[in-house]
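**Student:** Supplied in structure tokens, the structure appears directly below.
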Amino acid sequence: MIADLRYALRMLIKAPAFTFVAILTLALGIGANSAIFSVIDPMLLRPLPFPDANRIVMIWAQTDGLFGDRDVFSYPNYADLRDQNRSFAAMAAFTRTATVLNKAEESQALEGVAISSQIFEALGVKPLLGRTYTPEEDQEGAAPVVVLTYPLWQRAFGGDPHIVGQQVSLSARSFTVIGVMPSGWKFPVGEEHIDYAVPLHSMIGANAQNRSAIFLSLVGRLKPGVSMEQAKAELNAISGRLAKQYPDSNTGRETVSVVTLHDDVVGNVRPALLVLSGAVVLVLLIACANVANLLLARAASRSREIAIRTALGASRTVIVRQLLCESLLLALVGGAAGLLLAGWGVDLLGTLGLQALPHLGAIKINTNVCVFTFALATASTLLFGLIPALQVSRPNVNEMLQQGAKGSTGGLHSHRLRALLVISQVALSLLLLTGAGLLIKSFFNLRATNPGFVPDRLMTAGITLPRARYEQDEARQIRTFEAIEVKLTVLPGVQFVGGVDPLPLGGNTRFSSFMIGGAAPLPRGQHSGATRLAVTPHYFYAMKIPLLHGRVFTPNDNKTAPSVVIINEAFARHFFPGRNPIGQEVLLDHGPNDARALAIVGVVGNSRHEALNTEAGPEFYLPFAQDATRSLDLVLRLATPHLSGLDAAVRSAVHEVDKDLFVPQLEPMSNFLATQLAQPRFNMLLLAIFAGLAVLLATIGIYGVIAYSVVQRTREIGIRMALGAQRRDMLAMVLRQSLSVVLIGVALGLLAAFAGTRLLASLLYGVGANDLLTYATVVLLLGAAALLASYIPARRATKVDPMVALRYE
């Protein structure tokens, strides 16, 4: 074996051009696979960093409303599910929250989670320092405590080992630090920025007894031996009883879904990663077909050598082993080069998809990736090396010597095999190119989608008033935000200032149930629902959301004025078909047995609130002065795209109203649209890169086969031209041979594309999986590449000198 490897190395060194092309081709195929595997490994294959992570599950309500099978729960419903089940060792509830860390040198905005004390038992993770909070500390009225995450402890407190027991100011309220979680811990797992955890009861307030206030996500740890199906059946039984017991709030919430925490985290990116994984496998197959073609040509040119060795007594096993050693060396060197390319590929993934994938920071070339790479290299050795080795090691020595005597470089069977490899390359390339074309068209459709507002020259900043000073004073909340708007409106270069809660495409949603005035009464659990937003009077001007009918809010729509509401076009079309909604009433569910009558005063255009690829549903707007909260997202419409010093001016204006308020850096509204486009852009770019690589490899493969065929048929072409054949006849003959193979590949590729692109359906927007224009475009593109690859060697065939060709032998 060692002797074979030494001989193989000498043979490869003697053919540097062949060796370089083969290694580069393999490196591209193996490197692309290794780069994608480095993404799949931490996201889909590696378990979450919790003990017995397969027993940790997420629990969602299944409803017919806006959130489908991923709806959240109220606190009373969570408490009943927690106390009445027998399937869970622990069940916890959580909701996202935010605060400001007040420090003398510089305050900073923090993102955190309010979680029930059972969360730590459910996840099975102990703190690095101190302790977690007890059930007694997770009660209304308990002293405020906080658990810090490792990144915040390092960033804001310099990793102080004595931090436990210290007091920190969060939104002007003093909290006692009782613990620090270990490095890598964060919850929810899919979130990249979690700075702290506080007891859930500190966020619940009056909603502790309100079953209609749904805002909690649930996580649980199954008891040993309990399956998810058993747990789901038990929770469905409890939910069914609650629906009968509390029909006003729980009707339509009789079922739940139970999924593993791992599946819940990767659910959104799994389809894209599986599609990309399939794409790189196809790229590797195309690369292997290319190398197999190179090896066939090289082995066929050595047929005389192999025949002589066979005649001298070498067995077929020895010949195959010798040729496989050459393939193995190519694969190992190609694998090493592929590993280097994979490292660059991971950096490229970070550039292309920084906001598109969770845990992107955990993606790196590690031991698993190295093992995968060289396992792939070894497997590809068998794939691209065995067929040529078996082909040229057949024992018909007389035929091989005759072929060598004629100066031919391969028999009829090797021609068919090389043509079959080219056909497979063309078919696989067309499949990849079609998928990339569909994603490209889908991305541009999404980018061209009208969000319902004008994001250009629009800046946003979220302001949250400290709970300690503003919690119980709604009038003060309204006065403060009105004063801030007045200050900001007079800033140079600012045209309009509005406020909204929550911000469209900002990741938050408020959903409220209601009835239409004059409609037949229904049980409260059967009331309709829609997205609810609170806005200040100039919000629609700042966002440039068009007014279709009626009027917008004015400063007179305050707490003492009649309650009013503005609806969007989708709301009007759904609930007031064919009639004017102005002056009609919406009966908003206000309390357990109370409805608040709102007079419709205007209809505005639809705007995308949930996501850019989700059609606008029914939405209604309330005046902020009649629906105040402590948080408001300010939106500033600027006169020019770039206004220097605006951040400092906004901060100064807000501090004139309240010097203790934290003012985050202004963010362009276009950034929120860019976040919506990040995942589709990532999918499109990566598949387009792989498709381009596949077309390049296929083009090289076509060129190689045709060029080799021309060299092989030099004597034949010379004879034809000596007998009177014209150059155009030779050109047509070679092109006909090439394009007939390409057309077969295109036909097979189209069949594969019609079947395979259905897997892309969940990733597409505004285009069908069988879009004929896309198919026609990719066929023309691939056909043009194939024609170019065929024309160059075909043109060379027309320049053959008959006398030189006849003397060739």
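**Student:** Can you tell me which residue within the stretch 16-50, out of those that are of a type in the set (Gly, Ala, Ser) and open to solvent by less than 20 Å² (accessible area, probe 1.4 Å), is nearest to residue 265 (Cα to Cα)?
**Tutor:** Taking the candidates together, the pick is 38.
**Student:** Still on this structure, I have one more. Can you tell which of 229, 191 is in contact with an Asp or Glu (Cβ under 8 Å, 6 or more places away or on another chain), open to solvent by 20 Å² or more (accessible area, probe 1.4 Å) and either assigned to a loop (DSSP other than H, G, I, E, B) or modelled with pLDDT under 95 (or both)?
**Tutor:** Going through 229, 191 in turn, just one is in contact with an Asp or Glu (Cβ under 8 Å, 6 or more places away or on another chain), open to solvent by 20 Å² or more (accessible area, probe 1.4 Å) and either assigned to a loop (DSSP other than H, G, I, E, B) or modelled with pLDDT under 95 (or both): 191.
**Student:** Kindly evaluate residue 743 against the criterion of being buried (at least 19 other Cβ atoms within 10 Å of the Cβ) and more than 30 Å from residue 100 (Cβ to Cβ).
**Tutor:** no
**Student:** Kindly state which helices (runs of 4 or more DSSP H) lie completely within the stretch 429-544 and contain at least 2 residues that are at pLDDT 90 or above and not charged (D, E, K, R).
**Tutor:** 474-489, 539-543
**Student:** Something else: Checking the structure you have, find out if any residue of the stretch 330-342 is in contact with a Ser or Thr (Cβ under 8 Å, 6 or more places away or on another chain), closer than 30 Å to residue 185 by Cβ and at pLDDT 75 or above.
**Tutor:** The answer is yes, given that some residue of the stretch 330-342 is in contact with a Ser or Thr (Cβ under 8 Å, 6 or more places away or on another chain), closer than 30 Å to residue 185 by Cβ and at pLDDT 75 or above.
**Student:** Right, next: Out of the helices (runs of 4 or more DSSP H) lying entirely within the stretch 233-321, which hold 3 or more residues that are of a type outside the set (Ser, Thr, Tyr), open to solvent by less than 20 Å² (accessible area, probe 1.4 Å) and touching a residue at least 60 places away in the same chain (Cβ under 8 Å)?
**Tutor:** 270-301
**Student:** Checking residue 768 against (1) at pLDDT 85 or above; (2) in contact with a helix residue (DSSP H, G or I) (Cβ under 7 Å, 6 or more places away or on another chain); (3) open to solvent by 20 Å² or more (accessible area, probe 1.4 Å); (4) closer than 19 Å to residue 680 by Cα, which single condition isn't satisfied?
**Tutor:** (2) is the only condition that residue 768 fails.
Quick grid of which residues meet (1) assigned to a loop (DSSP other than H, G, I, E, B); (2) small (Gly, Ala, Ser); (3) crowded, with 19+ Cβ neighbours inside 10 Å:
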| residue | (1), (2), (3) |
| --- | --- |
| 651 | no, no, no |
| 660 | yes, no, no |
| 674 | no, yes, no |
| 678 | no, yes, no |
| 682 | no, no, yes |
| 686 | no, no, yes |
| 717 | no, no, yes |
| 732 | no, yes, no |
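**Student:** What are the pairs with Cβ atoms under 6 angstrom where one residue, in the stretch 676-689, is hydrophobic (A, V, I, L, M, F, W, C) and the other, located anywhere, is open to solvent by less than 40 Å² (accessible area, probe 1.4 Å) and not in a helix (DSSP H, G or I)? Sequence gap at least six, or different chains.
**Tutor:** 678/356; 682/353; 682/356
**Student:** Go through the stretch 208-224 and give me each residue that's in a strand (DSSP E or B) and open to solvent by 40 Å² or more (accessible area, probe 1.4 Å).
**Tutor:** Passing the criteria: 214, 215.
**Student:** May I ask you to list the residues in the stretch 754-776 that are assigned to a helix (DSSP H, G or I), over 30 Å from residue 794 (Cα atoms) and among the hydrophobic types (A, V, I, L, M, F, W, C)?
**Tutor:** Answer for the stretch 754-776, where residues must be assigned to a helix (DSSP H, G or I), over 30 Å from residue 794 (Cα atoms) and among the hydrophobic types (A, V, I, L, M, F, W, C): 754, 755, 759, 760, 761, 763, 772, 773.
**Student:** Under 8 Å between Cβ atoms, which residue pairs at least 6 apart in sequence (or on different chains) link something in the stretch 734-758 that is in contact (Cβ under 8 Å) with a residue 40 or more places away in the chain with a partner that is surrounded by 14 or more Cβ atoms within 10 Å (Cβ to Cβ) and of a type in the set (Phe, Trp, Tyr)?
**Tutor:** Here the result reads 735/791; 750/775; 753/775, each pair linking the stretch 734-758 to a residue that is surrounded by 14 or more Cβ atoms within 10 Å (Cβ to Cβ) and of a type in the set (Phe, Trp, Tyr).
**Student:** For the stretch 51-83, which residues satisfy the criterion of being open to solvent by 20 Å² or more (accessible area, probe 1.4 Å), modelled with pLDDT under 90 and either more than 26 Å from residue 125 (Cβ to Cβ) or in a loop (DSSP other than H, G, I, E, B) (or both)?
**Tutor:** 51, 52, 62, 63, 64, 65, 66, 67, 68, 69, 70, 72
**Student:** Within the stretch 132-149, does at least one residue satisfy the condition of being small (Gly, Ala, Ser), more than 36 Å from the chain's Cα centre (by Cα), surrounded by 15 or more Cβ atoms within 10 Å (Cβ to Cβ) and within 30 Å of residue 249 (Cα to Cα)?
**Tutor:** Checked against the condition, which is being small (Gly, Ala, Ser), more than 36 Å from the chain's Cα centre (by Cα), surrounded by 15 or more Cβ atoms within 10 Å (Cβ to Cβ) and within 30 Å of residue 249 (Cα to Cα), the stretch 132-149 yields at least one hit.
**Student:** Please indicate, with yes or no, whether at least one residue in the stretch 151-162 is of a type outside the set (Val, Ile, Thr) and part of a strand (DSSP E or B).
**Tutor:** no
The values are calculated or read from the model by the stated rules, or taken from the named source; none is laboratory data. As the structure is a prediction and not an experimental result, all values here were calculated from the model. Positions of Cβ are generated from backbone atoms using ideal geometry, with glycine treated the same way; all protein chains shown enter the neighbour counts. Side chains are part of the model used for accessible areas, which takes the heavy atoms of the whole protein and leaves out ligands, DNA and RNA. Shrake-Rupley method; radii C 1.70, N 1.55, O 1.52, S 1.80 Å.
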